[in-house]
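The values are calculated or read from the model by the stated rules, or taken from the named source; none is laboratory data. Treat the numbers as computed from the prediction; the structure is a model and nothing was measured. Each accessible area value is taken on the protein alone, full model and side chains, heavy atoms only, with ligands, DNA and RNA left out. Shrake-Rupley method; radii C 1.70, N 1.55, O 1.52, S 1.80 Å.
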Amino acid sequence: MSTVPGPEPRAPKPALVFDDPLDQQSSDDTDRGWGERTDSSGSAADLKRFLDEKPPHHL
């Protein structure tokens, strides 16, 4: 009688995905995080935007 252990089961290989990656939306496809502001109107909002976006050498 042989007590040699059998081969251990292998972990399944990851499945290959053949989808077109350009069909999926990436995080760069949205305007989120690109400085988009909420729609606010009025002179106070315009002044705030001007002061926020003013270059440092224009102090």
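Kindly indicate whether any position in the stretch 28-44 is open to solvent by 100 Å² or more (accessible area, probe 1.4 Å), at pLDDT 85 or above and over 20 Å from the mean Cα position of the chain (by Cα). Looking through the stretch 28-44, none of the residues is open to solvent by 100 Å² or more (accessible area, probe 1.4 Å), at pLDDT 85 or above and over 20 Å from the mean Cα position of the chain (by Cα). Note on the stretch 16-27: residues that are outside any helix (DSSP H, G or I) and at pLDDT below 85 amount to 4.
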